[in-house]
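The values are calculated or read from the model by the stated rules, or taken from the named source; none is laboratory data. Fair warning: this is a prediction, and the values are worked out from it, not measured in the lab. Counting neighbours? That spans all protein chains shown, and the Cβs are built from the backbone with ideal geometry, glycine included. Protein only, heavy atoms only, side chains kept; ligands, DNA and RNA dropped before computing areas. Shrake-Rupley method; radii C 1.70, N 1.55, O 1.52, S 1.80 Å.
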Amino acid sequence: MKIQKDRKINIEEKLSELPVVQYAWLACSDIPFSARVRSICREECPRYGTSWACPPGVGSVEACQKRCEAYDGVFVFTTVAEVTDAANMEEMLATRGEHEMVTRQIRDIFQEEAFETLALSGESCAICQTCAYPDEPCRCPDQMIPCIEGYGIVVPLLAEKTGIEFMNGGNIVTWFGMILYKCQDK
Ligand code: SF4
């Protein structure tokens with residue numbers, strides 16, 4: 001189901017107040033998934049197995065894909081941040097908080113326009129000081145924002161499909177966010 005034109009205009013007007021660099025609207029069936037991304041999480045990410053917002057807590061790649069494909073469409077966007085040294089992981093990660101804030105703001109815009117949403121972004125959830133995973137259910141399932149890669153989504157391919165730049169230059173960090181949306185009133 002396509003998003004109505006007036007709702008799209010409202011959303012794009014509100015977005016103009018946010019530091020979004022590029023964005024695109026995509027069909028959920030065009031989101032590129034791969035189980036290979038999941039092995040990178042498992043082998044390289046310290047958050048693997050520590051949060052409901054990361055694998056395996058988010059479910060299998062197939063389950064994540066099925067969850068995504070139940071939405072009407074996806075809004076993909078980027079924000080950027082300048083760093084003095086792109087190889088400095090600590091400096092790069094310190095810029096992530098701003099992107100997460102923008103992701104929450106965009107999710108709120110879609111909700112104001114009466115959309116049910118699933119937001120995905122660049123980090124594992126940090127709402128609680130200690131995640132309830134795995135002993136208790138997530139404390140804020142409506143607020144937590146899982147990691148894009150943790151869902152098994154191939155970000156370079158997503159960039160290619162949407163025409164969004166994957167990289168924006170030497171010392172510029174490019175962060176991706178996704179808002180999957182579904183009309184509440186259909
Ligand atoms: S909201 Fe709390 S319990 Fe849920 S994923 Fe985030 S940190 Fe974990």
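Of note:
- Residues of segment 22-47 that turn out to be open to solvent by 70 Å² or more (accessible area, probe 1.4 Å) and not basic (Lys, Arg), as a count: 6
- Subset of segment 171-186 that is outside any strand (DSSP E or B) and at pLDDT below 90 - its residue that is surrounded by the most Cβ atoms within 10 Å (Cβ to Cβ): GLN184
- Test: ILE164 is surrounded by 12 or more Cβ atoms within 10 Å (Cβ to Cβ), without any contact (Cβ under 8 Å) to a residue 24 or more places away in the chain, assigned to a loop (DSSP other than H, G, I, E, B) and over 14 Å from the mean Cα position of the chain (by Cα): no
- Qualifying residue in segment 97-115 (condition: touching an Asp or Glu at 6+ places or on another chain (Cβ under 7 Å), part of a strand (DSSP E or B) and either open to solvent by less than 40 Å² (accessible area, probe 1.4 Å) or closer than 19 Å to VAL21 by Cβ (or both)): no
- Residue within segment 52-60 that is in contact (Cβ under 8 Å) with a residue 60 or more places away in the chain, β-branched (Val, Ile, Thr) and within 16 Å of the ligand (Cβ to nearest atom) present: yes
- Residues that are within 10 Å of the ligand (Cβ to nearest atom), within 30 Å of ILE172 (Cα to Cα) and not hydroxyl-bearing (Ser, Thr, Tyr), drawn from segment 91-144: CYS125, ALA126, ILE127, CYS128, GLN129, GLN143, MET144
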